[in-house]
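First the structure, which I've put down as structure tokens, then a few questions once you've had a look.
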Amino acid sequence: MINNNFATDKYRVAAPRYTSYPTVPFWDVQSFDRSEWINKLITASENSKEGLSLYIHLPYCESLCTYCGCNTRITKNHGVEIPYITALLKEWEIYRSHIGFSPVIKEIHLGGGTPTFFSPRNLELLINGLVAPSDLHDDAVFSIEGHPNNTTEEHLALLYKLGFRRLSLGIQDFDRKVQIIINRIQTYKSVEVITKKAREIGYQSINYDLIYGLPLQSLNGLNKTIQSVLKLKPDRIAFYSYAHVPWIKPGQRKYSEDELPSAEMKKCLYDMGRSMLIVGGYSEIGMDHFVLRTDSLYIAELNGRLHRNFMGYTEQFSSVLVGLGVSSISDCWTAFAQNVKDVEEYISIVNKGELPITKGHILNDSDLIIRKHILNLMCKGYTSWRKVDEMDEKVEEGIERMKWLAHDGLVMLSEYDVRVTEYGKRFLRNICMAFDARLWANVPNNQLFSLAD
Ligand SMILES: C[S@@+](CC[C@H](N)C(=O)[O-])C[C@H]1O[C@@H](n2cnc3c(N)ncnc32)[C@H](O)[C@@H]1O
């Protein structure tokens, strides 16, 4: 008999979100060699039949949302738009000159920061500049993250004309007192207007980002937020766990830790939110994501095509993801590279005609095997090691750790495979962590679960 309350407390340890394996803190940056990265990128681009994904990081925001963990630059000076776009297009040109041809584009995602900080006209310059030298895949997908306070009808109409069909709006919480403490005031009305307008124009998928665990969040407040969200019925909802990292993001020091919900309350917030969304007609996909059954992410999960990369869950599998802009990460399947985080440094390196890479990681054979298992668990809740190339000593060590999770009912473990149980879904990060050989090698005292329980 499994004691679920016991397991819930026990697995409350910090665990990565696994948008990559190895995770960035455990990249072997000492052994990273730029020319090896470029060679691997060239080979992967030549071999990629499906075309590549482009992630563009647009870091500017007009004001600081104090909870935000993303790489942002706060300014009200819109004179920064053109120099930054010029650098992005230059960086894309440098990539293309390294690859030696213009690859087919399968996906473009504009993330931030606040992409809608940029004027519609400047976003048009950017997209046209990215797309002009390349062919577009027949099923190319364009998506953008927008802030409800500055996403205009003009943005929506022009982006639609350029091929955008997906819009993601940052909501976080509608509760006024939470909005005040995180310095992010936006009304239900503005979100309603943008959502309706986007639908009228023809956008096919609208996502809302929500967060549980924010300062001053309460069950009552989050309940009202989710009721409001359910009225607007976005196609997708990302329901993220608040990441508190004040040593990296000093903005989070604007509130005290006493104002954050306790671990017990955070769990109650998640449980309440999750059940409201499920009763409201959403299906839980992988981790943190809830989708309507009409949404392509749901269909992708049903067909076993769900994929995960630095942008999160996607149904677009592409072995080459090129990240342009400050702090963006590129992935050519056998290697990762990350750009510098500072805007001025980024612009100056690119203007010299160089790739603005600051660090990277070349995946070895064992990384590739483990990456496959972690991706399987994150996207399918299942992985197996029947074939020789799915097993090595690191996987064996992972299976040993997995036995603890099986004992607590989080997974069903057999000789050749492991399946996440319904109950184990909420502990997907801990389950993947069992296989995370780089983490265990670097932090041998790391804990898969809390020894205090
Ligand atoms: C860079 S933000 C883009 C938001 C969008 N541009 C806007 O301003 O509305 C991407 C998403 O990351 C999530 N996020 C940011 N900081 C976070 C944190 N500390 N913990 C959990 N999620 C966070 C938020 O849900 C946010 O909407």
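Can you tell me which residues in segment 41-65 are in contact with a strand residue (DSSP E or B) (Cβ under 9 Å, 6 or more places away or on another chain) and either within 16 Å of the ligand (Cβ to nearest atom) or free of Cβ contacts under 8 Å to residues at least 60 places away in the same chain (or both)?
Of everything in segment 41-65, those that are in contact with a strand residue (DSSP E or B) (Cβ under 9 Å, 6 or more places away or on another chain) and either within 16 Å of the ligand (Cβ to nearest atom) or free of Cβ contacts under 8 Å to residues at least 60 places away in the same chain (or both) turn out to be 55, 56, 57, 58, 59, 60, 61, 62, 63, 64, 65.
Here is a further query. Would you mind stating whether residue 72 is surrounded by 15 or more Cβ atoms within 10 Å (Cβ to Cβ), out of contact with any helix residue (DSSP H, G or I) (no Cβ under 6 Å at 6 or more places or on another chain), under 29 Å from residue 259 (Cβ atoms) and β-branched (Val, Ile, Thr)?
Yes; evaluated as a whole, the condition is true for this residue.
Another question, if that's okay. Under 6 Å by Cβ, and 6 or more places apart or on different chains, what pairs join a residue from segment 114-132 that is within 14 Å of residue 147 (Cβ to Cβ) and in the same structural domain as residue 101 (by TED's automatic domain parsing) with one that is modelled with pLDDT under 95 and in a loop (DSSP other than H, G, I, E, B)?
Nothing qualifies.
A further question on this structure: Among 105, 85, 99, which is away from the ligand (no atom under 16 Å from the Cβ), farther than 14 Å from residue 129 by Cβ and surrounded by 15 or more Cβ atoms within 10 Å (Cβ to Cβ)?
Only one candidate qualifies: 99.
If I go through segment 279-306 residue by residue, how many of them are touching a strand residue (DSSP E or B) at 6+ places or on another chain (Cβ under 7 Å) and either part of a loop (DSSP other than H, G, I, E, B) or surrounded by fewer than 15 Cβ atoms within 10 Å (Cβ to Cβ) (or both)?
6
Continuing with this model, one more query. Here is a list of conditions, (1) within 24 Å of residue 141 (Cα to Cα); (2) more than 12 Å from the ligand (Cβ to nearest atom); (3) surrounded by fewer than 18 Cβ atoms within 10 Å (Cβ to Cβ), and residue 234 meets all of them except one; can you say which number that is?
(3)
Restricting segment 248-278 to residues that are within 21 Å of the chain's Cα centre (by Cα) and not in a helix (DSSP H, G or I), which is farthest from the ligand (Cβ to nearest atom)?
248
If residue 124 meets every condition in (1) acidic (Asp, Glu); (2) out of contact with any Lys or Arg (no Cβ under 9 Å at 6 or more places or on another chain); (3) surrounded by fewer than 16 Cβ atoms within 10 Å (Cβ to Cβ) apart from one, which number is that one?
That leaves (2) as the condition not met.
Of all the residues that make up segment 313-325, how many are outside any strand (DSSP E or B) and either out of contact with any Asp or Glu (no Cβ under 7 Å at 6 or more places or on another chain) or aromatic (Phe, Trp, Tyr) (or both)?
5
Oh, and also: Would a scan of segment 329-337 turn up a residue that is among the polar types (S, T, N, Q) and over 30 Å from residue 426 (Cβ atoms)? Steps first, please.
Of the residues in segment 329-337, the ones among the polar types (S, T, N, Q) are 330, 334.
With the extra rule that they be over 30 Å from residue 426 (Cβ atoms), the set shrinks to 330, 334.
Checking segment 329-337: at least one residue is among the polar types (S, T, N, Q) and over 30 Å from residue 426 (Cβ atoms).
Go through segment 370-404 and report how many residues are touching a residue at least 24 places away in the same chain (Cβ under 8 Å) and in a loop (DSSP other than H, G, I, E, B).
Here the count works out to 4.
Continuing with this model, one more query. Would you point out the residue of segment 66-79, among those that are without any contact (Cβ under 8 Å) to a residue 40 or more places away in the chain and touching a strand residue (DSSP E or B) at 6+ places or on another chain (Cβ under 7 Å), that is farthest from residue 180 (Cα to Cα)?
Among residues in segment 66-79 that are without any contact (Cβ under 8 Å) to a residue 40 or more places away in the chain and touching a strand residue (DSSP E or B) at 6+ places or on another chain (Cβ under 7 Å), the one farthest from residue 180 (Cα to Cα) is 75.
The values are calculated or read from the model by the stated rules, or taken from the named source; none is laboratory data. Just so it is clear, the structure is predicted and the values come from calculations on it, not from any experiment. Neighbour counts are summed over all protein chains in view; Cβ atoms, including those assigned to glycine, are modelled from backbone coordinates with ideal geometry.
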